[in-house]
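The values are calculated or read from the model by the stated rules, or taken from the named source; none is laboratory data. As the structure is a prediction and not an experimental result, all values here were calculated from the model. Positions of Cβ are generated from backbone atoms using ideal geometry, with glycine treated the same way; all protein chains shown enter the neighbour counts.
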Amino acid sequence: MNTILDSARIVDNEFINMRTPAEYIDLMFERTREDGLLIEPFFDDMDRRPGTASADHPKSLRFEHMCIMDWSEADRGRVKAEFESLYRALSELAGQYDRLADTEEENAKQLTPELLRVWNTYVRKFSVKPFDLDRISDIRERCDLCREDWFDAHEMAKELPEEQYNEMTRIFSDISEDEWTYIWAYRDMLIEQAEQRLDRVPMAFDLVTRAQRLTRLMSLHVPEFMIQYEARRVAQAYAVLSCATQFETRVINPVTREIMSWEKTGSPEYRDLRM
């Protein structure tokens, strides 16, 4: 990593171990340089997990958010207050989770106007039409089955030239090009729905899906450390969405060490790297 950027970088352990959501927002503000630069860890559900610090293996790809933040002390206070309000609302919705309906009309009978707004924006399920969820599930299951073989192929091929590396790792996948196109089109549709709900682009999909996950975990009464971890993820996304004027996610290719970037998860660069 570039040491010139270290003053603006939040590292994994700072995100994972120490911070409540409000404290993490404070840390984000403290690490924002005068020119607005802030670099944060990004944990992908499959390929980038907490504590994976090297880029030597696909299980530990290095993902980072590079943001240009435009916020003042007043903005930090506002973001913290708005997040706390959102967290309380999600907690209340979690308490009623099993009684929530799928439609706004039904939920209006039992939720306050504010809780209904939060449900409609953050918790409501995405529309999946016209996609076949059974097909999506089948493709994902086969992706999981070939994943370990792909990891093994990477270990055998990572010293080869990049063209040979790509060829060797891809032969382990039985997912057709049409299936990849189908599953990414599905994800792109969900991303677009999230952006429409929030009328913003940076991290809209992350914020909605993290809020959905946090609400569900609270409804299941999982251990507090799990809730706080997910709450920090929601706080991270909320602060970026609220105050970032520029946003980019970067990944370091495990073979070439080239830094790649894409604006939205699911873009061609990410797909090519994945398989």
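A compact table of results
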| item | result |
| --- | --- |
| Index of the failed condition, SER72 passing every other in (1) exposed (fewer than 12 other Cβ atoms within 10 Å of the Cβ); (2) over 30 Å from ARG33 (Cβ atoms); (3) polar (S, T, N, Q) | (2) |
| Among residues of region 93-130, those that are of a type outside the set (Gly, Ala, Ser) and surrounded by 16 or more Cβ atoms within 10 Å (Cβ to Cβ), counted | 13 |
| Inter-residue pairs, beta-carbon under 8 Å, first under 30 Å from CYS243 (Cα atoms) and modelled with pLDDT of 95 or more and in region 82-108, second in a loop (DSSP other than H, G, I, E, B) and hydrophobic (A, V, I, L, M, F, W, C), 6+ apart | LEU93/LEU100; LEU93/LEU111 |
| Failed item, numbered, when VAL208 is tested on (1) under 16 Å from the mean Cα position of the chain (by Cα); (2) farther than 16 Å from ALA94 by Cβ | (2) |
| Of the criteria (1) aromatic (Phe, Trp, Tyr); (2) at pLDDT below 95; (3) over 17 Å from the mean Cα position of the chain (by Cα), which one TRP71 fails | (2) |
| Extreme residue, modelled with the highest pLDDT, among residues of region 42-68 that are part of a strand (DSSP E or B) and farther than 18 Å from SER242 by Cα | GLU64 |
| Residue count, region 183-203 (criterion: of a type in the set (S, T, N, Q) and not in a helix (DSSP H, G or I)) | 0 |
| Output for region 206-226, where each listed residue is out of contact with any Leu (no Cβ under 8 Å at 6 or more places or on another chain) and buried (at least 22 other Cβ atoms within 10 Å of the Cβ) | ASP206 |
| Residue count for region 131-143, restricted to those that are loosely packed, with under 13 Cβ neighbours inside 10 Å and β-branched (Val, Ile, Thr) | 0 |
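Table: residues versus (1) surrounded by fewer than 19 Cβ atoms within 10 Å (Cβ to Cβ); (2) of a type in the set (Ser, Thr, Tyr); (3) modelled with pLDDT under 90.
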| position | (1), (2), (3) |
| --- | --- |
| GLU159 | yes, no, yes |
| ASP174 | yes, no, yes |
| ASP188 | yes, no, no |
| GLN196 | yes, no, no |
| ALA204 | no, no, no |
